[in-house]
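A short worksheet on the structure shown next.
The values are calculated or read from the model by the stated rules, or taken from the named source; none is laboratory data. Everything quoted here is computed from the prediction, not taken from an experiment. Glycine gets a Cβ as well: all are built from the backbone with ideal geometry, and neighbour counts include every protein chain shown.
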Amino acid sequence: MGDRKRILITVKTYPTLSRKYGETVCTAGIREDGTWVRIYPVPFRQLDEKQQFKKYDWIECQLLRNKSDPRPETFRPVDEKELRPVGHIDTGDQWRERRNILLKTARVYDCLDELIEGAKANELSLAVFRPSKVKDFIWEQESREWDPDKVRQMRELTNQYDLFADNTWRETFGIIPKLPYSFSYRFEDAKGKASELQILDWETGALFWNCLRSSDGDESEALAKMKQKYFDDFTKKDLHFFLGTTQQFHFVGPNPWVIIGVLPIPYKRQLGLL
């Protein structure tokens, strides 16, 4: 049996297709002592409504180290049915609870070289990071369709009924649309190191689709709305990133880190605390 953990969910990445697991979401959060946990795999959209936790929900579940992933914070759920919310931290009292656990209890990094060295030594693969200066929010066109082989394998996995499980989700399950753009931040750290990191947060992808709908399908207008929020609005706040390494480049990449979540927390002066 695994250890039972209480975790504040802070990260849910946009779903990707996996040949082994089907459609998966990288889910991560912080324990009450400020240390990180990655829960993988999580077939999030296959969970029933009671299990579909939100960001900043507390969950309690039994976890085992995921032996297929060498990164130190990666665990897998013993029983996916346990993945259900047991509490929530809102933004009340000037974001007090979120500030306490995310910016005080958890360690906040401000130098990328320290994180890169930590990843290569396999000491960490998740972190809270505060950029010194955010210089731009950019996007690049990507393939608009999923890899056909992965889609075929996904369909095969979806059609494999489990006689001992609730298979209701299979009757209506559709593969999530692939994002036609990748989004990134350009920024500097506390030592002036310039970097460009891709944003994999599910909320970023969801915002693109929402902006596209509100723009009547005009992608240029949708992208302008994205920049308004992620650059014009967020850079007026005390912007932090939740960073994670990719398993593929964890040990070998010059910089294996990506942005897996965004925390645009208001400055205390904006809340009237100063």
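Quick check on my filter: what residues within the range 108-154 are exposed (fewer than 13 other Cβ atoms within 10 Å of the Cβ), touching a residue at least 40 places away in the same chain (Cβ under 8 Å) and in a loop (DSSP other than H, G, I, E, B)? Scanning the range 108-154 gives E123, E142. With respect to being under 16 Å from L126 (Cα atoms), in contact with a Ser or Thr (Cβ under 8 Å, 6 or more places away or on another chain) and of a type in the set (D, E), D189 falls outside the description. Does R45 meet the test of being under 24 Å from E203 (Cα atoms) and at pLDDT 95 or above? So R45 fails the test. Looking only at the range 219-232, which residues are surrounded by fewer than 19 Cβ atoms within 10 Å (Cβ to Cβ) and under 20 Å from the mean Cα position of the chain (by Cα)? Within the range 219-232, K227, K229, F231 meet the criteria.
The residues on offer are K5, K54, K12, K50, and the sole one that is over 15 Å from Q247 (Cβ atoms), touching a His at 6+ places or on another chain (Cβ under 9 Å) and either at pLDDT 95 or above or charged (D, E, K, R) (or both) is K54. Taking the range 204-218 as the range and being surrounded by 15 or more Cβ atoms within 10 Å (Cβ to Cβ) and either assigned to a helix (DSSP H, G or I) or touching a residue at least 12 places away in the same chain (Cβ under 8 Å) (or both) as the test, the residues that pass are T204, G205, L207, F208, C211, L212.
Being at pLDDT 65 or above, in contact with a Pro (Cβ under 7 Å, 6 or more places away or on another chain) and in the same structural domain as T246 (by TED's automatic domain parsing), is that true of even one residue in the range 125-135? Checked the range 125-135: at least one residue is at pLDDT 65 or above, in contact with a Pro (Cβ under 7 Å, 6 or more places away or on another chain) and in the same structural domain as T246 (by TED's automatic domain parsing). Just to check your reading of the model, which residue among G205, G174, G192 is at pLDDT below 95, over 17 Å from the mean Cα position of the chain (by Cα) and among the small types (G, A, S)? None of the others qualify; the one that does is G174.
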